[in-house]
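Participant: Below is one structure. I have some questions about it.
The values are calculated or read from the model by the stated rules, or taken from the named source; none is laboratory data. Keep in mind that this is a model prediction, so the values were computed, not measured. Cβ placement follows ideal geometry from the backbone for every residue including glycine, while neighbour counts extend to all protein chains displayed. To get the accessible areas, we keep the full protein, side chains included, count just its heavy atoms, and leave off ligands, DNA and RNA. Shrake-Rupley method; radii C 1.70, N 1.55, O 1.52, S 1.80 Å.
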Amino acid sequence: TDKVKQNNAQSTLSLSHDKAKNVQLSPSSPFFQKLGVSSPNGKPLVGMSSKLRQCQKFVEIVGKLVDNSSFIKSFKQISTSGAVQAPPTIRVIDMGCGRGYLTFSLHSYLCNNFLMPENEQKANCKPGLTVQTQGIDRRPKLIKEINGIADDLGGEFSSLRFIEGDIGNTGNT
């Protein structure tokens, strides 16, 4: 009877349609909370489910492109060879960033997947990548608000900045 109960439990589990999704960013990430996308337990706030899915899908697509890029492949070869060089930089510019949902998401993904923790850099004498992200939008009040969010988050978001401008007049920012 124990074997029957075990088989029934296994079949019940395998019939479930609620399966954990493999996502690149935790829905409970502090930046999602500060941007008003999710709650501390990772549940999307009212009307934000599609925004959370959009951020996850964007990072999934761009993350694969970055991971398969010649830049990352050459960096991985250098870092495993033991050669010490100045850390290369991944630089992202989001023109027309709006509230920065995708900008914050991609920045967080890049930092979490390509930055080497400081303690490992010192111990192994290998450089990590640096990530610099800049969002550009025309609305000064919005820029001030989302820079405030990045400042409040600190840490990996200290290299995320938003500036006022438009696509036609960005110059060398």
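Participant: Determine the pairs where a residue that is free of Cβ contacts under 8 Å to residues at least 24 places away in the same chain, located within the stretch 134-150, has a partner that is open to solvent by less than 20 Å² (accessible area, probe 1.4 Å) with Cβ atoms under 7 Å apart, the partner being 6 or more residues away or on another chain.
Facilitator: Ile143/Asp137; Ile143/Phe162; Asn147/Phe162
Participant: To continue, here is another question. Do we find that Asn112 is modelled with pLDDT under 95 and under 23 Å from Gln56 (Cβ atoms) in this structure? So that I can check it myself, show each step before the final result.
Facilitator: Working: modelled with pLDDT under 95: yes; under 23 Å from Gln56 (Cβ atoms): yes.
Criteria met by Asn112.
Participant: Sticking with this one: Just for the stretch 96-112: of the residues that are under 17 Å from Ser38 (Cα atoms) and not in a helix (DSSP H, G or I), which one is most open to solvent (accessible area, probe 1.4 Å)?
Facilitator: The extreme case among them is Arg99.
Participant: Yes or no: Val4 at pLDDT below 95, open to solvent by 60 Å² or more (accessible area, probe 1.4 Å) and either outside any loop (DSSP other than H, G, I, E, B) or farther than 22 Å from Lys144 by Cα (or both)?
Facilitator: Working: at pLDDT below 95: yes; open to solvent by 60 Å² or more (accessible area, probe 1.4 Å): yes; either outside any loop (DSSP other than H, G, I, E, B) or farther than 22 Å from Lys144 by Cα (or both): yes.
Yes; evaluated as a whole, the condition is true for this residue.
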